[in-house]
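Here the structure is laid out as structure tokens; the discussion comes afterwards.
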Amino acid sequence: MQDFLFIVAGLVLLIAGGNWLLKAAVDLSLKLKIPKIVIGMTVVSFATSAPELIVSINAALDGFPDLALGNVVGSNIANLGLVLAITILLGPIDVSKSFYTTDWPVMMLASLLFFFFIYFDGVLQQYEGVVMVIFLFVFLVYLLRFQKPAVIDAEDEPDVMLPTYKTALFLGLGGAALWGGSELLINGAVGMATLFGVSERVIAITIVSVGTSIPELAASIIAVVKKEKAISLGNLIGSNIFNLLAVLGITSIITPISVMDQGLLTNDIFWLLGISFLVLPLVFIPKGLRLGWRDGVVLLSLYLAFVYFTIG
């Protein structure tokens with residue numbers, strides 16, 4: 001029971017900390033007069049990936065590499081198989097052209113890069129982390145230079161800057177909550193894995209990964225309820241790109257990550273590649289550049305099958 005409470009408390013702190021950090025980061029960007037497009041593509045993406053980043057770094061440093069890897073792999077599968085599925089079950093979404101010209105190809109490249117780096121030797125080395133971060137940097141530069149027309153600013157939120165003391169407070173609280181939440185989550189996850197006699201990977205790829213995907217799920221449901229199209233497939237794919245290249249890239253630069261549970265290489269990584277690839281044909285069939293409830297059923301069924309086979 002204590003381990004479960006640690007996990008819940010850790011997730012609450014991670015979600016709150018990510019939200020506070022996001023507010024502080026966006027406000028700092030406004031104070032520094034950074035253009036909205038740059039904020040959206042860099043600051044916001046990094047801030048919303050902060051829970052995954054802190055959990056993975058902390059887990060790797062604490063000697064639980066499978067938590068670091070399982071968190072990211074599971075989170076990426078959950079973003080498409082759970083978050084996207086629930087979103088399109090609640091209402092169809094139109095997909096922009098940038099999906100098949102930029103977003104999806106880069107996500108697949110990032111997924112394949114991760115696969116080739118870790119599959120053959122079971123270790124994500126420091127130099128491989130450097131390559132992943134450089135790939136992310138090149139992708140961001142490309143986006144900022146050539147994809148500006150594809151970004152639509154939300155008009156409903158005026159730019160109101162916070163007082164400096166509030167920004168500093170959010171920054172401090174956010175950082176402390178993320179670190180404290182990650183410690184609680186890791187302790188709870190390891191304890192629960194020991195209690196049920198399963199590996200840390202299984203707990204990471206199911207409970208931990210879904211927990212760190214809750215902000216994306218909440219944002220998607222709110223967007224559907226408000227009948228806003230702000231949450232698109234591109235946002236979730238962007239999150240997956242950041243999780244692979246930034247979270248695993250930065251974590252492996254700090255300390256190499258080794259696979260302990262071979263299930264990650266024989267099962268999880270192929271589910272990641274498969275569900276990532278499947279999104280492309282679903283977008284075009286049966287209606288071009290549109291995702292509807294049938295696609296949601298397919299994705300959710302696959303996610304439930306993934307969880308079943310992973311736990312089994």
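The values are calculated or read from the model by the stated rules, or taken from the named source; none is laboratory data. Worth saying up front: this structure is predicted, and the values here are computed from it rather than measured. A quick note on method: Cβ atoms are made from the backbone with ideal geometry, for glycine too, and the neighbour counts reach across all protein chains shown. Please note that ligands, DNA and RNA were not included when accessible areas were found on the heavy atoms of the full protein model with its side chains. Shrake-Rupley method; radii C 1.70, N 1.55, O 1.52, S 1.80 Å.
Annotations for the structure displayed:
- P(r) tail fraction, the stretch 160-217 - alpha-carbon pairs more than 12 Å apart, %: 72 percent
- Sequence-distant contacts, meaning Cα pairs under 8 Å at least 6 residues apart, place the relative contact order of the stretch 69-209 at 55 percent.
- Solvent-accessible area of residue 142 with every protein chain in place, 1.4 Å probe, in Å² to the nearest 10: 90 Å²
- Nearest-0.05 FRET efficiency for residue 109 and residue 9, computed from C-beta distance (R0 51 Å): 0.85
- Whole-number percent relative contact order across the stretch 173-312, with pairs defined as alpha carbons under 8 Å at least 6 apart: 19 percent
- Annotation: per residue accessible area for the chain equals 46 Å², rounded to a whole number [probe 1.4 Å, protein chains only].
- Rg(Cα)/(2.2 N^0.38 Å) for the stretch 69-150, N = residue count: 1.30
- Of the residues 260, 107, ranked by 1.4 Å probe accessible area with the largest first, the sequence reads 260, 107.
- Inter-probe distance in nm under a simple model that places probes 7 Å from Cα toward Cβ, at residue 131 and residue 198: 3.2 nm
- Volume of the Cα convex hull of the stretch 18-142, divided per residue and given in Å³: 147 Å³
- Dividing the Cα radius of gyration of the stretch 81-221 by its Kirkwood radius returns 1.01 for Rg/Rh.
- Summary value for the chain: 43 percent relative contact order, contacts being C-alpha pairs under 8 angstrom separated by 6+ residues.
- Ranked from largest to smallest solvent-accessible area, with a 1.4 Å probe on the protein heavy atoms, 244, 280 come out as 280, 244.
- Each label was represented as a point 7 Å from its Cα along the Cα-to-Cβ direction; for residue 146 and residue 298 these points are 2.8 nm apart.
- Stretchable slack from residue 287 to residue 176, in nm (0.36 nm times residue separation minus alpha-carbon distance): 35.3 nm
- For the stretch 240-312, the Kirkwood hydrodynamic radius comes to 14.4 Å, computed from all pairs of different C-alpha atoms.
- Within the accessible area of the chain (1.4 Å probe), percent carbon and sulfur: 71 percent
- Annotation: amide H-H contacts under 5 Å for residue 290 (H modelled 1.01 Å from N, sequence separation of 5 or more, or interchain): 95.
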